[in-house]
Amino acid sequence: TLPKFVVELGERFADAGYELALVGGPVRDMFLGSSVTDLDFTTDAVPETIQQILTGWAHAQWDIGAAFGTIGARYGDWTVEITTYRDEQYDPDSRKPEVVFGTELLEDLRRRDFTVNAMALRLPDFELVDPFGGIKALVAGVLSTPGTPQQSFSDDPLRMMRAARFAAQLGVTVSDDVAAAMTDMAQRIEIISAERVREELVKLMIADTPRRGLDLLVASGIADVVLPELPAMRQASDATHRHKDVYEHSLQVMENAIEREAHYVEAPNFVLRFAALMHDIGKPKTRRFEPNGKVTFRHHDVVGAKLVAKRMRELRFDKGSTKAVARLVELHMRFYGYGEGEWTDSAVRRYVTDAGDLVAHLHALTRSDVTTQNKRKARRLATAYDDLESRIEQLAEEEELAAIRPDLDGKQIMELLDI
Ligand code: ATP
Ligand code: MG
């Protein structure tokens, strides 16, 4: 539901002689029945006028980027963003669209990414403006573009990443012509800055169904540009097909981790999900055929940790997430390396020390990595991990006790207290 002040704000703009409409995400989310968190508005008023109209009403207001024509404001607990109608002109080789203010709501909607996002509610009467069939597309669960997808993606290639992100977030598919344009134009994602690509990738990963978005990135060839390690896993099954497909296994492990994450860590958890997706990326590169035809592995966990860190640096991830994901990839085999039930106290302690503040993540990841069809084997591994977890807890309790117990024996205490 929408806060009542939305009507009031619409009247304020109308009284000043301007249009105001709720647009994009919140309109889409209302029709999906999901909760509205961001309130995005669009208007024919230019930024300075928006600021004048908001003065005396908003509890705070700020300039999000005068060049982009967006003004932010706070009203009670709500944050609103009001943007002047746009007519954009694109330089096909530039990374960022040049902004030209427009005067028509229709033109503003026409330049938006997908028809489900190209809907508006005119205020203060809530008249629905849906010139491109956004509601119909939402009901059908399809992403299509207001104009031709070729033109749209050529204007702003980031929209192809956004398509994958929305597929993951909203559980929709892309129309055939959008899919075809993504495949044709995948290479153009190159001109988009690493930061903007990363932002969409993170949103995709923490969505309800990341697999939908990832499959789309891989099928279109966009993943070959932004995350080449992922499609490389598809070729990882060897010639005799005796090994499981690493790509499918990785998606499975990611989905297992999603099911477990709320139990172990704060959900949704990018670090855990991404580590789960990438945990085996060292495999394809490290697989080597010996002269006698035997397949051998170098430590694919160590190689994988390096590869994932390199990719994350290229995507301009923060140091903390990069280190965390790399560490998880590096440690994901540790439990299996020890075999079952052979853990000494010092091995348990080392496991905890090496994982540091990622212990809970590592529990979730290691358990998720069991994708065997062999039920008995799966149960045996789960039991072994249960044992490890309880020994870790036990050690932690003992250490806590040791920490509060004074380092003195009874005699020393009596001496100290002069008893
Ligand atoms: P969320 O806020 O959950 O990320 P959203 O749909 O609000 O989802 P935003 O990135 O906040 O997505 O963008 C707000 C609106 O602006 C979108 O609904 C869309 O209409 C438009 N938009 C954003 N980015 C683009 C783009 N690259 N090309 C065209 N339109 C865009
Ligand atoms: Mg938004």
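The requirement of being in a helix (DSSP H, G or I), over 30 Å from Leu227 (Cα atoms) and in the same structural domain as Glu259 (by TED's automatic domain parsing) is fulfilled nowhere in the stretch 316-337; no residue meets it. Being of a type in the set (A, V, I, L, M, F, W, C), in contact with a Leu (Cβ under 8 Å, 6 or more places away or on another chain), under 27 Å from Lys283 (Cβ atoms) and without any contact (Cβ under 8 Å) to a residue 24 or more places away in the chain is a description that applies to Ala223. Taken over the stretch 31-49, the criterion of being free of Cβ contacts under 8 Å to residues at least 40 places away in the same chain and surrounded by 16 or more Cβ atoms within 10 Å (Cβ to Cβ) is satisfied by Val36, Ala45, Pro47, Thr49. Tyr85 meets all of the listed conditions (1) more than 11 Å from ligand 1 (Cβ to nearest atom); (2) more than 17 Å from Ala118 (Cβ to Cβ); (3) hydroxyl-bearing (Ser, Thr, Tyr) but one, namely (2). You will find that of Glu330, Glu399, the residue that is in contact with a helix residue (DSSP H, G or I) (Cβ under 6 Å, 6 or more places away or on another chain) and either loosely packed, with under 10 Cβ neighbours inside 10 Å or acidic (Asp, Glu) (or both) is Glu330 and no other. In summary, helices (runs of 4 or more DSSP H) completely within the stretch 1-78 and bearing 2 or more residues that are outside the structural domain of Ala163 (by TED's automatic domain parsing) and within 16 Å of ligand 2 (Cβ to nearest atom) occur at 25-32. Of all residues in the stretch 86-94, at least one satisfies being within 16 Å of ligand 2 (Cβ to nearest atom), more than 19 Å from Val6 (Cα to Cα) and modelled with pLDDT under 95. Listed by first and then second residue, the pairs linking a residue in the stretch 102-114 that is farther than 21 Å from Ala163 by Cα and at pLDDT 95 or above to a residue that is aliphatic (A, V, I, L, M) and more than 16 Å from ligand 2 (Cβ to nearest atom), with Cβ atoms under 7 Å apart and 6 or more places separating them unless they lie on different chains, are Leu105/Val129.
The values are calculated or read from the model by the stated rules, or taken from the named source; none is laboratory data. Quantities reported herein were computed from a predicted structural model and do not represent experimental measurements. Backbone-built Cβ (ideal geometry, glycine too); neighbour counts: all protein chains shown.
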